[in-house]
1. Scan the range 469-484 for residues that are under 24 Å from ASP312 (Cβ atoms) and either part of a helix (DSSP H, G or I) or open to solvent by 100 Å² or more (accessible area, probe 1.4 Å) (or both) and jot them down.
2. Confirm whether ASP66 is assigned by TED's automatic domain parsing to the domain that holds VAL17, charged (D, E, K, R) and either assigned to a loop (DSSP other than H, G, I, E, B) or closer than 30 Å to VAL245 by Cα (or both).
3. For GLY217, only one of the following conditions fails: (1) within 16 Å of ligand 1 (Cβ to nearest atom); (2) open to solvent by 50 Å² or more (accessible area, probe 1.4 Å); (3) over 25 Å from ASN432 (Cα atoms). What is its number?
4. Being more than 9 Å from ligand 1 (Cβ to nearest atom) and out of contact with any helix residue (DSSP H, G or I) (no Cβ under 8 Å at 6 or more places or on another chain) is the filter here, so list the residues in the range 331-354 that pass it.
5. Condition test on GLY325, is it within 27 Å of the chain's Cα centre (by Cα) and farther than 30 Å from SER113 by Cα?
6. Tell me which of these LEU118 doesn't satisfy, since it passes every other one: (1) surrounded by 15 or more Cβ atoms within 10 Å (Cβ to Cβ); (2) under 22 Å from ASP5 (Cβ atoms).
7. Give, as residue ranges, the helices (runs of 4 or more DSSP H) completely inside the range 303-387 that count at least 2 residues that are within 16 Å of ligand 2 (Cβ to nearest atom).
8. Restricting attention to the range 417-429, does a residue exist that is more than 16 Å from GLN366 (Cα to Cα), among the aliphatic types (A, V, I, L, M), assigned to a helix (DSSP H, G or I) and more than 16 Å from ligand 1 (Cβ to nearest atom)?
Amino acid sequence: MTAFDGIGGAYAENLPVIMISGSPNTNDAGAFHLLHHTLGTHDFKYQIEMARKVTCAAVAIDRASDAPRLIDHAIRSALLASKPAYIEIPTNLAAAPCAPPGPISAVLAPERSDPDSLAAAIDVAVSFLGKKLKPMLLAGSKLRAAKAEKAFLELAEATGYAVAVMPGSKSFFPEQHPQYIGVYWGDVSTKAANNLVDWSDGLLCAGTVFTDYSTVGWTADPKGARIFTADMDHISVTGHDFSRVLLADFLSGLAQKIKYNDATMVEYSRFRPNPTLQPAAEPEAALRRGEVARQVQSTLTPNSTLFVETGDSWFNGVQMDLPDGARFEIEMQWGHIGWSVPSCFGYAVGAPNRKTIVMVGDGSFQVTVQEVSQMVRLHLPILIILMNNHGYTIEVEIHDGAYNNIKNWDYAALIETFNAGEGHGKGYRANNGRELADAIAKAAANTRGPTLIECTLDRDDCSKELMSWGHWVGAANARPAAAI
Ligand SMILES: C/C(NCc1cnc(C)nc1N)=C(/S)[C@H](O)COP(=O)(O)OP(=O)(O)O
Ligand SMILES: [Mg+2]
C-alpha cells in the first residue's frame with residue numbers, strides 16, 4: 001500500500017515503473033481463509049483494483065501458463081505509455097514452471113506514428129508557423145517521457161526560434177544554448193522568458209502540462225489560436241487534431257520542412273537580462289537562502305544532477321543556471337514532500353557516475369529520512385543540502401497557521417545514527433557562508449558516503465519567487481464556489 005504512493009507519483013510524472021506484488025496462495029480464496037497482510041476480509045482483489053487507478057496496466061497471474069503473456073503485456077504497456085504497471089503473483093506460483101518468454105522485441109519494439117497523420121500534422125504545422133511573425137518553442141515535462149529531447153533540439157536549430165522551458169522540463173534543453181531564453185513560469189520565470197512567451201504570436205508547446213502550479217495559479221496559462229500543441233502521441237491546433245503521431249517523429253519531421261525565422265531571438269537580444277550573479281555573503285554573516293543557492297550553483301558541473309524537493313527548494317533550483325549536461329529533477333505534478341530523498345537514492349544507484357545533489361527542506365526531509373540509511377549502506381556520495389527554515393515555509397506563503405510548525409531535529413547529528421560506527425556518512429551544520437563553503441569542500445572529498453549539510457535559515461527567509469507564486473496559488477485555491 002505504501003508503494004502506491006510512489007506509483008501514484010510515477011503515474012503523475014510519466015515514469016515507467018514496474019511494481020511487482022506477491023498475492024495470496026491460490027487455494028485461500030476458495031477455502032474462505034482470512035489472511036495476514038490483508039484487510040481481513042475474503043476479498044483479495046482490492047489491491048489490483050487500487051493498482052488499476054494508478055497504473056496503465058495491472059495484471060494478476062492466476063495460472064503459470066499465463067505468466068509470459070501477462071508479464072510481457074504489463075512491461076510493454078509501461079514502456080509505451082511511460083506510465084507504471086502492476087504485476088501480482090500468488091505466493092505458490094512464483095516458482096511454478098512456465099514457458100520462457102519469446103524474443104524481447106515483442107516487448108521493446110517501438111510504436112510507429114501513423115504515416116498519413118504524421119505527414120498531415122507536419123503540413124499543418126508548417127503552414128501554421130509559416131504564417132507567424134514571431135513563433136517560438138516551449139518545452140514541457142513530457143518531452144523526456146516521449147524520448148523527444150533530441151528531436152526538439154533538432155527542431156530548435158532548424159527554426160532559429162527562441163526556446164523556453166517549463167519548470168518541470170528544466171535541463172531537457174541545454175541552458176547554455178544560444179537559443180535558450182529561460183524557464184517560463186509566469187511572474188517567477190527566469191531570464192524574462194515570460195515577456196517573450198507573452199509577445200510571441202505562435203507558440204509550439206511540446207509535451208507541456210499546464211496546471212495550477214505550473215501556471216502560477218492560472219496567471220500564466222497560454223491559450224487560444226496562437227497555441228500549437230504537440231503532445232506525446234497527439235497533435236492539435238485550432239481546427240486540426242491528429243492521433244497516433246509520436247512527438248519525436250513530429251518534431252524531427254517538422255525540422256526537415258520548416259522555414260528559419262529568428263525574429264524572437266532578434267527581439268530577445270534587445271532585452272536579454274544580464275546574468276544576475278548573487279554576490280557572496282559576508283563569510284561570518286548569518287546564513288541566508290540566497291547564499292546557499294549561490295554556493296550550490298557553484299558546485300554544478302556537466303556531470304551533476306540536482307534534485308529539488310517540493311518547497312522553496314523548487315524556486316532556489318529553478319533560478320539556477322545549469323552547465324550543459326547537468327540534469328534537473330523536480331516532481332511538480334505529484335508534489336509529494338519527501339519525494340527527493342528516496343528518488344535521489346534510487347537515481348544514484350542507477351547512475352553511479354553522476355554527481356547527485358539534493359536540496360530538501362526540513363519538513364520534507366522528515367518524511368523519508370530513513371532512505372539516508374540506504375545511502376550510507378551502499379556508500380553513495382550524495383550531497384544533501386538540508387534547508388532548515390524550521391517549518392513548512394512554502395505553506396506559510398500560501399496559508400500560514402500553527403499547522404506549518406514542526407519539531408526541529410539535530411539533522412547534522414543524524415548521520416552518525418545511520419553510520420553506527422561503520423558508515424562513512426558525514427553531517428555538518430552551516431550557520432554562515434564560511435561554514436557552508438567548508439562543508440561543501442569536505443563533501444567533495446567524501447566519496448564513500450552521503451554528506452548532509454544542515455543550513456540553518458530564518459523561518460521567513462524564502463525566495464521572492466515563492467512569495468509571489470504563493471500569493472497567486474493561494475488566490476487560486478481561495479476562489480469562491482461558483483454561484484449555483
Ligand atoms: C507541507 C507541504 N506541502 C503539503 C504536502 C503535505 N503532504 C505531502 C505528502 N505532500 C505535500 N506537498 C510543504 S510544500 C512544506 O512547505 C514543505 O516544507 P519543507 O520541506 O520544510 O520546505 P519549505 O520549508 O521550503 O517549504
Ligand atoms: Mg522548511
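1. Correct list: TRP469, GLY470, HIS471, TRP472, VAL473, GLY474, ALA475, ALA476, ASN477.
2. Values: assigned by TED's automatic domain parsing to the domain that holds VAL17: yes; charged (D, E, K, R): yes; either assigned to a loop (DSSP other than H, G, I, E, B) or closer than 30 Å to VAL245 by Cα (or both): no.
Spelling it out, it is not the case that ASP66 is assigned by TED's automatic domain parsing to the domain that holds VAL17, charged (D, E, K, R) and either assigned to a loop (DSSP other than H, G, I, E, B) or closer than 30 Å to VAL245 by Cα (or both).
3. Unmet condition: (2).
4. If the condition is that a residue be more than 9 Å from ligand 1 (Cβ to nearest atom) and out of contact with any helix residue (DSSP H, G or I) (no Cβ under 8 Å at 6 or more places or on another chain), then SER343, CYS344, GLY346, TYR347, VAL349, GLY350, ALA351, PRO352, ASN353 are the ones that fit.
5. Considered against the rule, which asks whether it is within 27 Å of the chain's Cα centre (by Cα) and farther than 30 Å from SER113 by Cα, GLY325 comes out as no.
6. (2)
7. On the way: elements: 312-318, 340-350, 362-368, 371-377.
In the range 303-387, the matching helices (runs of 4 or more DSSP H) lie at 312-318, 340-350, 362-368.
8. The first filter runs over the range 417-429 and keeps only residues more than 16 Å from GLN366 (Cα to Cα), leaving 419-426, 428-429.
Then drop every residue that is not among the aliphatic types (A, V, I, L, M), which leaves 420.
In the following step, the residues that additionally are assigned to a helix (DSSP H, G or I) were identified as none.
The answer is no, given that none of the residues of the range 417-429 is more than 16 Å from GLN366 (Cα to Cα), among the aliphatic types (A, V, I, L, M), assigned to a helix (DSSP H, G or I) and more than 16 Å from ligand 1 (Cβ to nearest atom).
The values are calculated or read from the model by the stated rules, or taken from the named source; none is laboratory data. The structure displayed is predicted, hence computed values, not measured ones. Virtual Cβ from ideal backbone geometry, glycine too; neighbours counted across all protein chains shown. To get the accessible areas, we keep the full protein, side chains included, count just its heavy atoms, and leave off ligands, DNA and RNA. Shrake-Rupley method; radii C 1.70, N 1.55, O 1.52, S 1.80 Å.
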